[in-house]
Structure formats: structure tokens, C-alpha cells
Amino acid sequence: MILPAILLIQLIQEITAIDLDDHALADLSNQFGIMGLILLGGIVGPLIEEIIFRLPLNYKRNYLFKLVGVVVGKESVKRFWFKNYSLFFYLFIIAFALVHITNYKNESLSILLLSPILVLPQIIGGTVLAYLRMKIGFFWGFLHHAIFNSILMILALFINLEEKVMIDNEHYRLKIEVAENRFGNQKVVDINRDFDFISEIEIEYAQFNQIAKQMDWDTVSQKQNRKFFNIEFNIKNLQINSDSVLKYHLKEIIEDQ
């Protein structure tokens, strides 16, 4: 459900001017790292969601309705549940999907209007998981959810990065990767200097204007650019103008987009 959501986000951003980059997954990655993100998103999250949204689909495990039954009568509540089971089945699916809209920290009206589209992967996934839970059991639904999330999260991390520049010559080694979304720790600019010369630059998940600001460049890109850059820049010949080299390659990537 993660990879389809990423592709959907990218499509919406291409069509509209709505910023959807500020996603909760990026915060989790920053706080707990990649392994922590996979543990939380692939195991802990699915377990909690299955307990809340799928476990109660079986009346024997619907402790809320059983509690109500203690007050108003067990048989009447049980009859009401089974009579309206289809309604409750789909309400749980919709609730599961809508909870995921909180992943987007952009609280504009546009997000609310787009919510049926943004949570479409969760509606489809929630329907499949609800069916599995009722047909083969809670554990197998959870296992499917956990494996699915973990695999797609790992795939998303790799698909998210595209290598744009790889240069290794006698003067410098430069590697630039471009990411559609930020799923790693953000380190805007880390600069090592030998005397007055820059010998190494390391940048993780920073946008062009952030890099320009930290590098004290006079100009910034006027072209709208939401992409993130991972950069490894090792300077072998300290006499070269490292600023100009880096700026040239970054602007070339932006202009090609």
C-alpha cells in the first residue's frame, strides 16, 4: 500500500500545485532511521491496525459490542451486529483508509477534498485484508499486511532514488542521486575543509535551494523543484573550484526535468 501511495502522490503533484511531500513517513525515517522505519511501518503499525480494524470483524473478538451487550442485552446486540454486518464490514474498511489521511501534514482544504483519492490504496488494501481476516484468520491477515508493507517499503526506498551523475576522474569523485520523496535522515550540507579548500561535501535529502543557502551561493533556482538530492563529492585536486562544479551539475539536472 506504500508504493501505490507514492506513485499516486507523484501523479497528483504533477497535475496540481498541492504540496504532498511533507509525509509522516519522512518524519519516522528521520527519527528512527531506515531500519526503525521498516520495523514500525512493517510490523508494529500493521499489528496495531489489524487489532483495531480487523480483529473486531469477528463478533467473538468484538469486545466493544460485547461490552454494549452487557448493558442492553447480549442477544439483541448480537442480532443487530449480524443483521448489519455488511455495513460494519465496510465501515471498518473506510475508517482504516481515512486514518491514513493523517499521514499528510498539509492541513489544507485541498487535502480533504482529495482524501478519497489519496486513501484509495488503503481502501483496496483494507478490503483484501478484511477478507483474509474473515476467511483464514487474524494472524494470516496480519502476516500478509506486515510482509506487504515491509517489501513495498524497501522497494520504495530503492525506486525513490535515481542516480543522475557519477563522475570519477583525477580531479574529483562526484555522485548525485535524485529522490522524489525524502525517506532518509536529512543532512543538508556537511563540509570538510583542508585549510581554505573544500575537500569533501556530503549532502543527504536536501532540496536545491537548501543547498544553495548553506553553500552561500548568490543565486537560487527560480524553477519550481521539489526533488531531493543525495550528494557525495570528494575533491582530489584542491585547486579546482568545487562550488562551480557542484552548482553546474545540479542546475543541469534541474533544467533537464
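The values are calculated or read from the model by the stated rules, or taken from the named source; none is laboratory data. No experiment lies behind these values; they were computed from the predicted model shown. Glycine also receives a Cβ, built like all others from the backbone with ideal geometry; neighbour counts cover every protein chain displayed.
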Taking only segment 117-139 into account, find how many residues are free of Cβ contacts under 8 Å to residues at least 40 places away in the same chain and exposed (fewer than 13 other Cβ atoms within 10 Å of the Cβ). 4
Quick check, is Leu25 among the aliphatic types (A, V, I, L, M), in the same structural domain as Leu112 (by TED's automatic domain parsing), modelled with pLDDT under 90 and part of a helix (DSSP H, G or I)? yes
Counting only residues that are in a helix (DSSP H, G or I) and crowded, with 17+ Cβ neighbours inside 10 Å, segment 235-244 contains a total of 1
Could you give every pair whose Cβ atoms fall below 6 Å, whose first residue belongs to segment 48-71 and is modelled with pLDDT of 95 or more, and whose second residue is among the β-branched types (Val, Ile, Thr) and surrounded by 14 or more Cβ atoms within 10 Å (Cβ to Cβ), counting only separations of at least 6 or pairs across chains? none
Consider segment 230-254. How many of its residues are hydroxyl-bearing (Ser, Thr, Tyr) and touching a strand residue (DSSP E or B) at 6+ places or on another chain (Cβ under 6 Å)? 1
Assess whether Ile101 counts as being of a type in the set (Val, Ile, Thr), in the same structural domain as Phe142 (by TED's automatic domain parsing) and surrounded by 13 or more Cβ atoms within 10 Å (Cβ to Cβ). yes
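Yes/no per residue for (1) in the same structural domain as His249 (by TED's automatic domain parsing); (2) modelled with pLDDT of 80 or more; (3) on the phi < 0 side of the Ramachandran plot:
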| residue | (1), (2), (3) |
| --- | --- |
| Leu114 | no, no, yes |
| Ile167 | yes, yes, yes |
| Arg173 | yes, yes, yes |
| Val178 | yes, yes, yes |
| Arg182 | yes, no, yes |
| Gln186 | yes, no, yes |
| Glu200 | yes, yes, yes |
| Lys213 | yes, no, yes |
| Asp218 | yes, no, yes |
